[in-house]
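The values are calculated or read from the model by the stated rules, or taken from the named source; none is laboratory data. Given the structure is predicted, the values throughout are model-derived calculations rather than measurements. Note: ideal-geometry Cβ built from the backbone for every residue, glycine included; neighbour counts use all protein chains shown.
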C-alpha cells in the first residue's frame, strides 16, 4: 500500500534519470526505449569522454544521425557539454563531449547495526558530503521511518542546499532484505515501505536492498569490479553475508536471497547460535560469533574491536578466538570459490579493520578446502574502501540503474 506522506524534505531533486524496469503502455515503452538508448550514449561519454559523436556511434553500433539526435537531447538536459572542436587535417572537426558531473547528485545511505553512513556524490562518483552517526535501536517500521527522516533532514541542513539536484537515493539494510526492485522475499514490506516513504518525503527515485549486495555494487563502481566478469564480496560484520557479481550482472537469485552464506551448515557442531541453526557459519565467522567465542572463554567484552585490542596485546583467549574465527572464515571463502569460481573475492565490512589478526590464517584454511586450480587463480583481497563500501554501493546501485540498464538489451530496441 502506497504511503501517504506529504513531501517535507527540501533537498533539490532531479527525477527522470533512473531507467524504469517496467512500462505499461506502448507510449511509455516507446519513451523508455529512447531513454535507454540515450543513457547508453551518456554512459559511453561518462567512461570515454572527451569523445566525439562518431566515436560513440561506432562503440554502440548506432548510426551517426541517431546518435547525434540523442546527444542533442543530452545537451538540452545539460547532462553533457561540448568542448572546443578537435583540429584534424581534413574533414569536419569533431566536437568532443564530456559528462557534466554537476548536473545531478546521488545519495547513498547505509543503515548499519552500529552506525549509519550517508554519502552524497556527483555523477562522476566524487564524494561531495559524508556523514556518520550511531544507529539507534530500530525495532519497528516507525522507528526506521523516523530515522530516515532525521538522516534526510541532516544531509539537507549539512549541505545548505548547495548540492546538485538529487537524481536517486540508494538505501542499504542489514539482514534478510530482498530488493525493493526485485522479486518478493525476505522482508519485502520493509523495503517497499521505506522506498515509498523516502520517495514521498523527497520526491526522488529510491532503491532499497541488502547491504552485502550493495557492497557488490560499490566494488563494481568505486573499485576495479568493472574489470571482472565475476567477483564476490564477503561482508564480515555483525553477521556474514555475500554480494555476487556473476557473468556481468549483480546476482540476487530467484527469491532475492542469493548470498546468505551465513546459513551454510559448515560451522561448529552443537552450537545453539543466534541464527537458530546449530552449524551455521555465521555462528563463528562473524562479529556476533567473535563475541560468543570470547564470552565462552571468560572475556567480558562488548565489541569485536575490544577483542582485537586484547589479541594485539597478547591475551591468549583473544588470540584463540580470532584463530577459530579465521578458520571458519576460511571455510566461507572456500565455499564461495568452490561454488562460483569467481575471478576475485573481496573481504569487506567493519571487522576487516582487524584483518591483520585473521587474513593469513583464513587464506591457509581456505586453501585446505578449495580446489587447487580455483584457489591459485582467484584474487583474494581486503577492501581498501573500509566502512564506506556499503554506502558507496548504495550510490553505485543508482548509477547501475541510471547508466547500465543491464536488465535491457539496448540493441534489441533499435
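I'd like to check something: does the stretch 118-129 contain any residue that is touching a residue at least 40 places away in the same chain (Cβ under 8 Å), over 23 Å from the mean Cα position of the chain (by Cα) and closer than 29 Å to residue 203 by Cβ?
So in the stretch 118-129, the residues touching a residue at least 40 places away in the same chain (Cβ under 8 Å) come out as 118-125.
If we keep only those that are over 23 Å from the mean Cα position of the chain (by Cα) too, we end up with none.
No, the stretch 118-129 has no match at all.
I'd like to know if the stretch 273-289 contains one or more residues that are on the phi > 0 side of the Ramachandran plot, assigned by TED's automatic domain parsing to the domain that holds residue 357 and touching a helix residue (DSSP H, G or I) at 6+ places or on another chain (Cβ under 6 Å).
For the stretch 273-289, residues on the phi > 0 side of the Ramachandran plot, assigned by TED's automatic domain parsing to the domain that holds residue 357 and touching a helix residue (DSSP H, G or I) at 6+ places or on another chain (Cβ under 6 Å): present.
Being under 27 Å from residue 143 (Cα atoms), outside the structural domain of residue 110 (by TED's automatic domain parsing) and either assigned to a strand (DSSP E or B) or at pLDDT below 90 (or both) is the requirement here; does residue 234 meet it?
On the way: under 27 Å from residue 143 (Cα atoms): no; outside the structural domain of residue 110 (by TED's automatic domain parsing): yes; either assigned to a strand (DSSP E or B) or at pLDDT below 90 (or both): yes.
When the stated conditions are applied, residue 234 does not pass them.
Is the stretch 348-369 home to any residue that is in a helix (DSSP H, G or I), touching a helix residue (DSSP H, G or I) at 6+ places or on another chain (Cβ under 9 Å) and either within 30 Å of residue 46 (Cβ to Cβ) or in the same structural domain as residue 62 (by TED's automatic domain parsing) (or both)?
Looking through the stretch 348-369, at least one residue is in a helix (DSSP H, G or I), touching a helix residue (DSSP H, G or I) at 6+ places or on another chain (Cβ under 9 Å) and either within 30 Å of residue 46 (Cβ to Cβ) or in the same structural domain as residue 62 (by TED's automatic domain parsing) (or both).
For the stretch 199-223, give me the residue count where each residue is in a helix (DSSP H, G or I) and under 18 Å from the mean Cα position of the chain (by Cα). Steps first, please.
Narrowing the stretch 199-223 to residues in a helix (DSSP H, G or I): 199-202, 211-222.
Okay, now just the ones that are also under 18 Å from the mean Cα position of the chain (by Cα), so 211-222.
Final tally of qualifying residues: 12.
Counting just the residues of the stretch 370-383 that are touching a helix residue (DSSP H, G or I) at 6+ places or on another chain (Cβ under 7 Å) and part of a helix (DSSP H, G or I), which one comes out surrounded by the fewest Cβ atoms within 10 Å (Cβ to Cβ)?
Residue satisfying both the conditions and the ranking: 374.
Go through the stretch 130-140 and count every residue that is over 18 Å from the mean Cα position of the chain (by Cα) and either touching a residue at least 40 places away in the same chain (Cβ under 8 Å) or assigned to a strand (DSSP E or B) (or both).
Kept after step one, since they are over 18 Å from the mean Cα position of the chain (by Cα), are these residues of the stretch 130-140: 133-140.
Next, only the ones that are either touching a residue at least 40 places away in the same chain (Cβ under 8 Å) or assigned to a strand (DSSP E or B) (or both) stay: 133-134.
So the answer is 2.
In the stretch 249-271, which residues are surrounded by fewer than 19 Cβ atoms within 10 Å (Cβ to Cβ) and assigned to a strand (DSSP E or B)?
249, 251 - these are the residues of the stretch 249-271 that are surrounded by fewer than 19 Cβ atoms within 10 Å (Cβ to Cβ) and assigned to a strand (DSSP E or B).
Checking the condition under 23 Å from residue 388 (Cβ atoms) and touching a strand residue (DSSP E or B) at 6+ places or on another chain (Cβ under 6 Å), which residue from 231, 222 passes? Quick ask: steps written out before the conclusion?
Details: 222 fails: touching a strand residue (DSSP E or B) at 6+ places or on another chain (Cβ under 6 Å).
Going through 231, 222 in turn, just one is under 23 Å from residue 388 (Cβ atoms) and touching a strand residue (DSSP E or B) at 6+ places or on another chain (Cβ under 6 Å): 231.
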